[in-house]
Number of protein chains: 10
Amino acid sequence: MLFQVQITIKIPQGVDKVEVEKLSAAEIEQVKQLQRDGRWLHIWRVAGKWANISILDLQGPDELHQIISSLPLFPYMEVDVIPLSRHPAAL
Amino acid sequence: MLFQVQITIKIPQGVDKVEVEKLSAAEIEQVKQLQRDGRWLHIWRVAGKWANISILDLQGPDELHQIISSLPLFPYMEVDVIPLSRHPAAL
Amino acid sequence: MLFQVQITIKIPQGVDKVEVEKLSAAEIEQVKQLQRDGRWLHIWRVAGKWANISILDLQGPDELHQIISSLPLFPYMEVDVIPLSRHPAAL
Amino acid sequence: MLFQVQITIKIPQGVDKVEVEKLSAAEIEQVKQLQRDGRWLHIWRVAGKWANISILDLQGPDELHQIISSLPLFPYMEVDVIPLSRHPAAL
Amino acid sequence: MLFQVQITIKIPQGVDKVEVEKLSAAEIEQVKQLQRDGRWLHIWRVAGKWANISILDLQGPDELHQIISSLPLFPYMEVDVIPLSRHPAAL
Amino acid sequence: MLFQVQITIKIPQGVDKVEVEKLSAAEIEQVKQLQRDGRWLHIWRVAGKWANISILDLQGPDELHQIISSLPLFPYMEVDVIPLSRHPAAL
Amino acid sequence: MLFQVQITIKIPQGVDKVEVEKLSAAEIEQVKQLQRDGRWLHIWRVAGKWANISILDLQGPDELHQIISSLPLFPYMEVDVIPLSRHPAAL
Amino acid sequence: MLFQVQITIKIPQGVDKVEVEKLSAAEIEQVKQLQRDGRWLHIWRVAGKWANISILDLQGPDELHQIISSLPLFPYMEVDVIPLSRHPAAL
Amino acid sequence: MLFQVQITIKIPQGVDKVEVEKLSAAEIEQVKQLQRDGRWLHIWRVAGKWANISILDLQGPDELHQIISSLPLFPYMEVDVIPLSRHPAAL
Amino acid sequence: MLFQVQITIKIPQGVDKVEVEKLSAAEIEQVKQLQRDGRWLHIWRVAGKWANISILDLQGPDELHQIISSLPLFPYMEVDVIPLSRHPAAL
């Protein structure tokens with residue numbers, strides 16, 4: 001089951017930069033692993049912003065919440081979720 | 001070069017329904033052809049709405065405008081375009 | 001799998017009132033049947049508006065889109081969908 | 001009398017994390033007790049966000065305000081309230 | 001139980017003006033009667049707009065919906081409802 | 001002359017809680033005095049929020065600004081003002 | 001007592017153009033007369049739009065509503081009103 | 001003096017298509033002439049929309065309003081104007 | 001050439017109050033001087049807010065930016081600028 | 001390939017002012033170099049704000065993201081990107 005997830009990162013003033021870099025590196029590893037698992041299908045950078053648009057293929061909203069909320073930068077994310085269904089024009 | 005395009009269809013009162021169905025069928029054929037050409041990579045239905053989220057792989061904004069503006073339902077579309085770049089977490 | 005669906009009805013000027021009443025009556029029957037099927041769990045009126053908030057328990061976004069887009073008043077609906085997951089405070 | 005309450009938690013930079021966890025645990029207990037009392041009917045997690053959608057069955061706005069404003073995380077909440085009435089399609 | 005209701009009237013092009021005046025006159029009578037009943041406490045004009053802000057004292061959201069949706073101009077209304085509770089600074 | 005004033009309080013992280021309670025208590029006294037003076041006609045709590053909706057009867061915008069800006073919590077307020085006039089349906 | 005009024009004109013499809021020109025000419029005369037009366041202090045065109053920003057000096061919201069709602073193009077107006085008070089930096 | 005002008009065209013249902021094409025062709029000629037005059041410096045299509053972003057070099061807001069409001073499609077335009085000044089990073 | 005400028009002041013938590021008062025007093029002097037110069041025509045307080053609406057008569061956007069950005073409270077301002085042109089109803 | 005980029009700078013409370021000036025000076029040099037390279041075609045100040053509107057001519061969204069995200073003030077930017085295509089009225 002597919003979901004589009006748009007994630008924007010906003011780091012508030014006062015957060016340690018080294019900590020942010022560590023979280024960011026860990027997040028990249030976690031997202032790569034989820035791609036290898038076949039659960040995180042696509043991730044693109046929104047050009048010009050610290051933001052991404054992703055497509056996830058999951059068992060449902062419970063798994064979606066578990067995955068997103070366990071991302072290392074989750075406390076600094078704005079997240080928008082759109083459930084996707086098959087389009088009649090899709091080959 | 002990748003673009004996310006979100007398209008919402010709003011048919012105003014007074015448009016002939018048969019005409020809309022013809023335009024809609026023609027649009028599906030056009031989008032299928034663009035998928036076969038490798039230019040329209042993905043199209044998903046936004047669940048619950050007459051709307052879609054698509055990923056296109058094009059030569060640039062000129063080709064994007066030419067493709068979107070020649071879709072049969074273009075006069076009834078709200079269109080949002082987001083240019084996408086490679087994400088460091090993408091495999 | 002649970003989804004919250006918020007539906008607002010806006011009938012444009014020029015739509016026949018008798019037709020709207022027929023569609024509305026058919027919609028009520030359809031929603032009642034979906035409740036009996038165990039797929040439409042709750043429906044509440046947003047007090048003061050021609051709008052409702054509903055909770056559906058479905059197999060996924062495909063079934064959601066099929067159900068919402070086949071409602072008789074779908075052409076006149078604004079629809080917002082929120083995928084729901086289990087909350088740790090739920091008994 | 002039914003109210004839908006949508007609650008989003010935003011913890012500002014500088015709030016102690018241990019304190020937040022304590023408040024969060026206390027809040028879960030409080031919400032569970034209100035469910036046992038029959039006053040907090042449903043609570044769902046908005047998938048992908050630190051947010052919930054709840055349905056409360058209360059005597060009126062005074063009780064609603066008393067309950068919401070005494071939740072431990074109230075100082076960090078954005079709250080939207082929608083009064084609900086019976087829908088003609090509800091079984 | 002108190003609710004603030006903000007109502008804005010938008011008449012679409014094509015609605016007969018004489019009909020609007022009749023509906024408007026009937027609405028004024030209906031609101032006056034509800035004031036005499038002690039259910040519609042206050043009604044003020046939003047200066048410069050075809051809009052009003054009202055305070056109603058009702059048994060709950062069901063009565064609120066029944067009253068608002070039976071106003072003659074209801075099909076042309078945008079309605080916002082805010083449930084009110086007692087304020088500690090109120091005498 | 002009547003004004004509706006909607007006030008929402010947002011206390012930023014780092015403000016001393018004891019100080020906020022002192023300001024809040026002083027504000028309640030000040031609003032009570034203005035009610036006794038016949039200038040602050042009504043104050044209601046927006047159920048579920050640290051916010052109120054009030055009706056003031058004043059000589060004009062100068063007095064309105066003088067009263068609102070001298071409230072103890074003014075630095076933490078979002079304020080919306082709507083000038084009200086007599087409604088033809090008011091008894 | 002001063003009010004800023006921002007007025008935007010939106011003529012829906014189907015309104016007779018000659019009628020709009022007549023209403024528009026009548027409105028200009030009415031606004032000129034109100035300037036001569038000393039009640040409409042300033043009127044400026046928002047450059048690039050069919051909109052104006054005006055400053056009126058009136059007895060209160062009742063007179064404001066009477067003046068704005070009797071303008072010939074009132075049915076096609078979006079109106080925003082801001083009550084103004086004396087600024088400490090004003091000479 | 002520079003202004004950025006963003007123009008979006010929205011043709012309501014019921015406007016004659018041949019008429020729109022005539023207005024559109026006339027508008028293109030008018031904009032080309034203003035470019036030759038050195039007053040309309042740049043015009044770009046917003047990719048995917050019937051909209052443009054333009055830079056005009058004019059004597060002031062009066063000339064801006066005169067030019068924009070005399071464009072043939074002005075009745076169907078949404079217009080946003082941003083006055084521009086020299087940037088310290090500009091060569 | 002006329003511009004309407006709407007300025008809202010938002011002082012973040014942590015800024016020294018004495019410093020703000022000094023900046024505020026300096027700003028008042030600066031605005032008074034600009035009024036004496038004939039460049040700042042009007043300044044009004046938005047009743048109930050720390051905000052003002054002003055009309056400036058300047059040589060163009062460069063002078064506008066130079067004046068606004070040199071105001072002592074500029075770092076804490078939200079600024080909206082609307083270029084104004086002559087209105088046909090102005091005497 | 002052309003992109004319009006609108007950048008607004010918001011410096012949070014607590015950032016060192018000397019550091020901001022250093023970043024700002026470095027940014028100006030970087031933008032000047034990109035202009036000399038023919039990649040940053042135009043940069044204008046939005047009059048009255050710490051914001052700019054720019055036109056970049058780049059190979060695509062990847063280069064756009066690389067350039068914008070390496071600007072010294074990127075952590076404090078709000079960025080909006082609009083892909084531009086050729087307009088039929090452009091000479």
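Annotations
- Residue count for the range C:39-62 under the criterion of being away from chain B (no Cβ under 14 Å) and open to solvent by less than 40 Å² (accessible area, probe 1.4 Å): the result is 7.
- Among the criteria (1) farther than 21 Å from residue H:83 by Cα; (2) at pLDDT 95 or above, the one residue I:14 does not fulfil is (2).
- Residue match in the range I:44-51 (condition: closer than 30 Å to residue H:58 by Cα and not polar (S, T, N, Q)): yes
- Selection within the range I:16-38 - surrounded by 14 or more Cβ atoms within 10 Å (Cβ to Cβ) and of a type outside the set (Asp, Glu): I:20, I:23, I:24, I:28, I:30, I:31, I:32, I:34, I:35
- Filtered residues of the range D:70-84 (kept if open to solvent by less than 30 Å² (accessible area, probe 1.4 Å) and over 11 Å from the mean Cα position of the chain (by Cα)): D:83, D:84
- Scanning the range A:1-31 for residues that are farther than 24 Å from residue J:60 by Cβ, more than 14 Å from chain J (Cβ to nearest Cβ) and out of contact with any Gly (no Cβ under 7 Å at 6 or more places or on another chain) returns A:2, A:3, A:18, A:19, A:22, A:23, A:25, A:26, A:27, A:29, A:30.
- Candidates F:55, F:68, F:43 - the one that is touching a His at 6+ places or on another chain (Cβ under 6 Å) and either within 28 Å of residue G:66 (Cβ to Cβ) or small (Gly, Ala, Ser) (or both): F:55
- The residues in the range I:14-48 that are among the β-branched types (Val, Ile, Thr) and within 14 Å of the chain's Cα centre (by Cα) can be counted, and the count is 4.
- Across the range E:1-15, the qualifying residues are those that are among the hydrophobic types (A, V, I, L, M, F, W, C) and farther than 30 Å from residue F:44 by Cα, and the one among them that is most open to solvent (accessible area, probe 1.4 Å) is E:11.
- Residue within the range D:64-71 that is within 14 Å of chain A (Cβ to nearest Cβ) and either modelled with pLDDT of 95 or more or out of contact with any Ser or Thr (no Cβ under 7 Å at 6 or more places or on another chain) (or both) present: no
- Test result for residue C:53, without any contact (Cβ under 8 Å) to a residue 60 or more places away in the chain, β-branched (Val, Ile, Thr) and within 27 Å of residue A:1 (Cα to Cα): yes
The values are calculated or read from the model by the stated rules, or taken from the named source; none is laboratory data. Keep in mind that this is a model prediction, so the values were computed, not measured. Methodologically, a virtual Cβ is constructed for each residue, glycine included, from the backbone with ideal geometry; neighbour enumeration extends over all protein chains shown. Protein only, heavy atoms only, side chains kept; ligands, DNA and RNA dropped before computing areas. Shrake-Rupley method; radii C 1.70, N 1.55, O 1.52, S 1.80 Å.
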